[in-house]
């Protein structure tokens, strides 16, 4: 059986970073760790501690409160599995300024690389869980999938299409340091983030 094509997480996030414009970007868990290696932006919210599944609801709240502000949430597949119900809420609320990016590598990387329940080895049919189909079933109409950074870069405008937008990025499981990295004191970061939204 051939290995499905996928891209390094760093390359996937670099495309989001390059074409974010002035969007709020919320990252959690493994994506948050890697995002911190990129040039910081005032509208970054590296939402780390015990945050599995909590990025999309937080992003939805910001998108509703600030309808003129694009909000991009970068969520891991493990995080997505922790809160699949939020997809139905997101599709029902249908914020035009909201983009959910799911980086799918099939494992819980930060906690040790255990296969998620969406990994082919955990499923009776031997096929990976199709996160794009989950979004469509929940009611998303703008759904995209990319397995290489160049294709994603070529269609980067998908990040800013009228939402809600759902983008699946197939990424490789990382083998380097995958430990969580603290983004700093929460109170100070939240205050800085709040200030950036008021400017």
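Points worth noting:
- Apart from one condition, residue 6 fits all of (1) in contact with a strand residue (DSSP E or B) (Cβ under 7 Å, 6 or more places away or on another chain); (2) under 20 Å from residue 157 (Cα atoms); the exception is (2).
- Test: residue in segment 9-25 that is crowded, with 24+ Cβ neighbours inside 10 Å and modelled with pLDDT under 90: no
- Scanning segment 97-132 for residues that are over 17 Å from the mean Cα position of the chain (by Cα) and over 21 Å from residue 35 (Cβ atoms) yields a total of 13.
- Selected residue (only one of 86, 79 is buried (at least 16 other Cβ atoms within 10 Å of the Cβ), in a helix (DSSP H, G or I), in contact with a helix residue (DSSP H, G or I) (Cβ under 7 Å, 6 or more places away or on another chain) and at pLDDT below 95): 79
- Among the helices (runs of 4 or more DSSP H) confined to segment 125-199, the ones with at least 1 residues that are more than 26 Å from residue 89 (Cα to Cα) are located at 149-154, 186-198.
- Filtering segment 19-47 to residues that are in contact with a strand residue (DSSP E or B) (Cβ under 7 Å, 6 or more places away or on another chain), in contact (Cβ under 8 Å) with a residue 60 or more places away in the chain and in a helix (DSSP H, G or I) leaves 29, 30, 31, 32.
- Residues that are surrounded by 14 or more Cβ atoms within 10 Å (Cβ to Cβ), part of a helix (DSSP H, G or I) and either in contact with a strand residue (DSSP E or B) (Cβ under 8 Å, 6 or more places away or on another chain) or at positive phi (or both) within segment 108-124 comprise just one, 122.
- Against the numbered list (1) without any contact (Cβ under 8 Å) to a residue 60 or more places away in the chain; (2) closer than 22 Å to residue 35 by Cα; (3) buried (at least 16 other Cβ atoms within 10 Å of the Cβ); (4) touching a strand residue (DSSP E or B) at 6+ places or on another chain (Cβ under 7 Å), residue 135 comes up short only at (2).
- Some residue of segment 56-65 being surrounded by fewer than 18 Cβ atoms within 10 Å (Cβ to Cβ), assigned to a loop (DSSP other than H, G, I, E, B) and more than 12 Å from the chain's Cα centre (by Cα): no
- Taking the criterion of being crowded, with 21+ Cβ neighbours inside 10 Å and more than 23 Å from residue 9 (Cβ to Cβ), the only residue of segment 96-107 that qualifies is 97.
- Hits in segment 134-157 (condition: within 14 Å of the chain's Cα centre (by Cα) and over 20 Å from residue 5 (Cα atoms)): 135
- On the stretch given as segment 36-55, residues that are surrounded by 14 or more Cβ atoms within 10 Å (Cβ to Cβ) and either over 8 Å from residue 26 (Cα atoms) or modelled with pLDDT of 85 or more (or both) total 13.
The values are calculated or read from the model by the stated rules, or taken from the named source; none is laboratory data. As the structure is a computational prediction, the values presented were derived from the model and not from experiment. When we count neighbours, we look across all protein chains shown, and the Cβ atoms used for this are built from the backbone with ideal geometry, even at glycine.
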